[in-house]
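Following: one structure in structure tokens, then a few remarks.
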Amino acid sequence: MFSSNYLPHIGGAELALHEITKRIDGFDFDLITAHLDKSLPVFERIGNVNVFRIGNKGAFLKILMPKALFPLFAFIKSLRLSQNNSYGMVFALQASQAAGAAWLFKIFNNRIPFILNIQEGKNLKQQGKMINFFRNLIIIKADAIITISDYLKEYAKNINLKARISVIPNGVDFAAFSILRNNDLRQKLGYGDNHKVVISVSRLVPKNGLKDLIESLVYLEDDVKLLIIGDGPLRDSLKLKSHELGLDGRIKFAGQVTHDDLPKYLAAADVFVRPSLSEGLGTAFLEAMAAKLPVVGTKTGGITDFIINRETGLFCEVNNSKDIADKVDMILKDNTLKDFMVSNARKLINEKYDWEIISRKYKELFQTYGV
């Protein structure tokens, strides 16, 4: 298995890989990842995954490793491992640097099935020609492709007509997010009983539409507050935007929180909103739905797989702060609609997106290739 990153430094894709592998009995996985943190060992076993970290031989290599050198170094490491191990498949997490190593391994081991997991949330078609060229080479070489949404399935199908393409979304630990309202945390965050808290769990990057979300507060009553969980390159500019709009007292930037603590923050909120410009799936929505929050999102990418307007959530328009505010206001003032959507959403998550269900689908797919 190849992944540019892995535990303990993880995003949604890496978390998904961990949740899946730890639930698949009877399998052993060798995973090659970049060694970007010197405090971590070059080898450790996490559950049934042997983690091999490569690189970090100096500042220069540390800068180049994640993108420029990782595919080559990971490929070399995989060749060494294959001399002493008989592998049933090669698996790459996301069609990026890690998949470049898997692509090279496949060229020299054509008999071994190559399974590519596409999780990208960016608008792939709008990326540079060179990036798309190399991504297409990887996708074409795959024997099987797993995408996390129908949107990404259509993207992959237009590139590789021969591969078996399956949609297996990322999941949610339903029980972990099904907790009671957290009034203690609300008080610590400075929210009173009269306040309505809009929460967004988002990396602070352009695609997540947080500038539009901040601007939407202008159209909402003063008792509506915004709690932003996450960090990223737009942090300073978003803080400046909130200051320019006179919203400093209504917006909290909580920064990054651990995934274990995330359910507590969701349980302290009233509405989840992320007005994405693009989205591969949107696991943060699924977690909010499991946490009994009504959700508002845009009709883009993988979001349409789980938001059915006025049934499991509400759609807002892209780049339209007034429409975002209107949808939030609708939820806050219509308890019947809110309760209806929350009930439907939790039923959907429990029946389709629980990790136990997702991991069984992965195991069945792996077994079809004789692993």
What are the DSSP H helices in the chain that stretch 15 Å or more along their long axis, judged by alpha-carbon atoms, and whose average Kyte-Doolittle hydropathy comes to at least 0.0? 70-82, 97-108, 129-141
Expected 222 nm ellipticity per residue - DSSP helices of 4 or more, -39500 (n - 2.57), all of the chain, to 500: -11000 deg cm²/dmol
Any idea which of H259, V197, T312 is furthest toward the positive side of the dipole for the stretch 174-353, if Lys and Arg beta-carbons carry +1 and Asp and Glu beta-carbons -1? H259
Scalar couplings 3J(HN,Hα) for the stretch 166-177 by Karplus 6.51 cos²θ - 1.76 cosθ + 1.60 (θ = phi - 60°), nearest whole Hz, x for Gly and Pro, are 10, 9, 10, x, 5, x, 9, 7, 4, 5, 5, 8
Packing-based ranking, highest mean first, of 312-318, 110-116, 95-101, 329-335 given that Cβ atoms within 10 Å are counted: 95-101, 312-318, 110-116, 329-335
How much space per residue, in cubic angstrom, does the convex hull of the C-alpha atoms of the stretch 174-353 take up? 102 Å³
Log10 I(q)/I(0) at q = 0.13, 0.18 Å⁻¹ for the stretch 270-371, from Debye over equal alpha-carbon scatterers, is -0.48, -0.80
When the dipole is taken about the Cα centre of the stretch 1-150, and only Lys, Arg (+1) and Asp, Glu (-1) are charged at their Cβ, what size is it in debye, to the nearest 20? 560 debye
Relative contact order computed over the stretch 174-353 (Cα-Cα under 8 Å; 6+ residues apart), in percent: 24 percent
What does the charge add up to near V205, with Lys and Arg as +1, Asp and Glu as -1, over the other residues with Cβ less than 14 Å from its Cβ? +1
Per the Cauchy relation, a quarter of the hull surface: what is the mean projected area of the convex hull of the alpha carbons in the chain, in nm²? 18.6 nm²
Applying a 10 Å radius around every beta-carbon, put 290-301, 246-257, 353-364, 209-220 in order of their mean neighbour count, most first. 290-301, 209-220, 353-364, 246-257
Per-residue HN-Hα couplings for the stretch 307-312 [Karplus 6.51, -1.76, 1.60; θ = phi - 60°; Hz; x = Gly/Pro]: 8, 10, 4, 6, 10, 10
Violating pairs (Cα-Cα greater than 25 angstrom) within the set K122/K239; K22/K352; K225/K292; K38/K122; K122/K196; K153/K239: K38/K122; K122/K196; K153/K239
If every Lys and Arg gets +1 and every Asp and Glu gets -1 at its Cβ, then about the Cα centre the chain yields a dipole, in debye to the nearest 20, of 1300 debye
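Bear in mind these aren't lab numbers, they're just calculated from the coordinates by the rules spelled out. Not measured: the values here are computed from a predicted model. As a convention, Cβ positions derive from the backbone with ideal geometry for all residues, glycine included, and neighbour counts pool all protein chains shown.
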